[in-house]
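These notes are about the structure you will find just below.
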Protein chains: 2
Amino acid sequence: MESRCENCIVRQFNSLRAMSKEELKQVSDSKTTKTIKKGQPIFEEGEKLNGVYCVRNGVSKLSKLSANGKDQIVKLASKGEVLGQRSVVSEESANLSAIAVEDMEVCFIPKESINNTLQKNPNFTLEVLRHMAHDLKEADDVIVNISQKTVKQRMAEAFLYLQNNFGEDADGFLALTLSREDISNVVGTATESAIRIISEFKKKGLIHTSGKKIGIKNQQKLLEMVEGF
Amino acid sequence: MESRCENCIVRQFNSLRAMSKEELKQVSDSKTTKTIKKGQPIFEEGEKLNGVYCVRNGVSKLSKLSANGKDQIVKLASKGEVLGQRSVVSEESANLSAIAVEDMEVCFIPKESINNTLQKNPNFTLEVLRHMAHDLKEADDVIVNISQKTVKQRMAEAFLYLQNNFGEDADGFLALTLSREDISNVVGTATESAIRIISEFKKKGLIHTSGKKIGIKNQQKLLEMVEGF
DNA sequence: ACCAGTAACTGATAAATATCATATTTTTAA
DNA sequence: TTAAAAATATGATATTTATCAGTTACTGGT
């Protein structure tokens, strides 16, 4: 069953809410829905994008691979986020790969619909601009964090980030379960280092784990650690 | 002597070129020109900005201070760049400080002129959006670089970046002269480490120096170093 | 021209982090 | 279900990078 953008809740979270009825109708008519399995790419670095992807469900990592095979996760995107917008706006190929870290449902919206609205509806353009401004601020903050905080501090911060942005499940574990490797790629460290720090945090009673699931036990101490106490 | 935006060359490099005659006139009438001495701030992190600053001359570093007193330079902005745009667009206080690394001449444009045009002229908004998209790509690339390259590689990259973006003087030195401390803050390392690597590069014949000026001697080798050979 | 004060530099050492090796656990697929 | 593969975990060690301490070289102001 294909649903209409007009009735889609995730639209409330992104720039599509600034579209007019007619524009939205056009988007809805031209969009296609895709299912992406965990581990599969939505698009990859260097690829030319013919549109943007609106996330309905699941979580995607936006990352870039380096020569030595490690990749750095720049952002985690979930429900409501629009992927590929930067590439479409600047008419460049994708700078990052988008890979599902959970099974996903996304809507593909051809770039024509987007470009058309960008040129005609200043409210929409401004809304996209605001989102991009927010992403830029976050990216700047990541730069400062990586270069000024220790791996331990960044690990603590990552757990708090996951708690804030993706919440916890009924058993008190972080709702978004990442592999140890993905965690290390968010933090920007070696996988073994990330694992070691997880063990250390566990011993200190800051977190608890069950398999790959991680739960926060002492939020306060983690916060203090981020601040450098 | 106050010149008019309509005749200003630096406008060609930024989003103001998408403004209409009338909009430009309004900007020109409301703008004020400021001189900033080397080392002085244009604005500082946390400050509420009442407008944007268009760089006519000189170079500014955009950086963020950490608790321990080190600051990370996120971007270097020169002729034609518009500073504070992100803050004005998202109606937040400045995320970064802008400090002159050379004597500067900037035009202050009140945010009313900008906001007004943003709401009415989709071409202008789109142009601002494209610039922000470009900045975001660059920021993402910095994240990946910092986390995946060694300090030595990032130092090599920084010199090539300075060469590409600011050129060289008549004697073959980089036209933009930064203090060793600023270099270390661009690269994200300790000042002593930066100095040590400069010495090493000098011994290896990759660069030459004279006082704080640095010249590139072997671009090819620097490039190979960045790539990890 | 001189004399603070700052910036550049160098060495010794400590700390943080990555890498390599290997064991153990968990997941996957036949 | 069970063997193989992949992910997690831990120890030993190497490497990178930061920190501390001290020296030398510039620079701006009187």
*How big is the gap, in Å, between the Cα center of segment B:1-34 and the Cα center of segment A:18-38?*
39
*Determine the share of chain A's accessible area contributed by carbon and sulfur atoms, expressed in whole percent, with a 1.4 angstrom probe.*
48
*Take peptides A:115-125, A:180-190 and line them up by average Cβ neighbours within 10 Å, highest first, as a rough protection proxy.*
A:180-190, A:115-125
*Highest average packing first - A:13-23, B:20-30, Cβ atoms within 10 Å*: A:13-23, B:20-30
*So for the pair A:A67, A:H134, with labels modelled 7 Å out along Cα→Cβ, what separation do we get in nm?*
3.7
*For the residue pair B:T35 and A:N218, what label-to-label distance in nm results when each label sits 7 Å from Cα along the Cα-to-beta-carbon direction?*
5.8
*asked:* With +1 assigned to the C-beta of every Lys and Arg and -1 to the C-beta of every Asp and Glu, and no other charges, what is the dipole magnitude of the protein assembly as shown about the Cα centre in debye, to the nearest 20?
replied: 700
*Roughly how many nanometres apart are two label points built 7 Å out from the Cα toward the Cβ at A:N57 and B:S210?*
6.8
*Residue (of A:M104, A:F124, A:G39) at the positive-pole extreme of segment A:5-142, dipole from beta-carbon charges*: A:M104
*What FRET efficiency comes out for the pair A:F229/B:D169, r = Cβ-Cβ distance, R0 = 35 Å, nearest 0.05?*
0.15
_How much accessible area per residue does segment A:98-229 have, counting only protein heavy atoms and a probe of 1.4 Å, in square angstrom?_
44
*Around A:I36, which amide H atoms from residues at least 5 apart in sequence, or from another chain, sit under 5 Å from its own amide H, with H modelled in the peptide plane?*
A:M104, A:E105, A:V106
*Counting helices only, and only those DSSP H runs with n ≥ 4, report the 222 nm mean residue ellipticity of the protein assembly as shown as the sum of -39,500 (n - 2.57) divided by its residues, in deg cm²/dmol to the nearest 500.*
-13500 deg cm²/dmol
*At the nearest 100 Å², what buried accessible area, both sides summed, do you get for B and A when the probe is 1.4 Å?*
3600
_Run the numbers for B:K203 and B:E92: contour at 0.36 nm per residue of separation, minus the present Cα-Cα distance, in nm._
35.3 nm
*To the nearest 0.05, what FRET efficiency results for A:S20 and B:N7 with a Förster distance of 35 Å applied to their C-beta separation?*
0.35
*Copy-to-copy label separations for A:S93, where each label sits 7 Å from Cα toward Cβ, in nm and ascending*: 4.3
*Starting from the Cα-Cα distance between A:D141 and A:A190, subtract it from 0.36 nm times their residue separation and give me the gain in nm to one decimal.*
15.5 nm
*Per residue of B:176-188, how many C-beta atoms from partner chains lie within 10 Å of its own C-beta, taken as a mean?*
1
*Remind me, relative contact order of chain B in percent, using alpha carbon pairs under 8 angstrom and six or more residues apart?*
19
*Within 10 Å of each Cβ in B:118-125, the average number of Cβ atoms from other chains*: 5
*Can you spot the lysines whose alpha carbon is less than 16 Å from B:K70's alpha carbon? Ignore those fewer than 8 places along the same chain.*
A:K149, B:K61
*Helix by helix through chain B, keep the DSSP H runs that span 27 Å or more along the axis on Cα and average at least -1.0 on Kyte-Doolittle, and give those back in order.*
B:122-148
_At 7 Å out from Cα toward Cβ: B:E138 inter-copy label distances (nm, ascending)_ = 2.1
_Per-residue average of Cβ from other chains inside 10 Å of B:144-153_ = 5
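The values are calculated or read from the model by the stated rules, or taken from the named source; none is laboratory data. Model, not experiment: these values are computed from the prediction. Please note: Cβ atoms are built from the backbone with ideal geometry, for glycine as well, and neighbour counts cover all protein chains shown. To get the accessible areas, we keep the full protein, side chains included, count just its heavy atoms, and leave off ligands, DNA and RNA. Shrake-Rupley method; radii C 1.70, N 1.55, O 1.52, S 1.80 Å.
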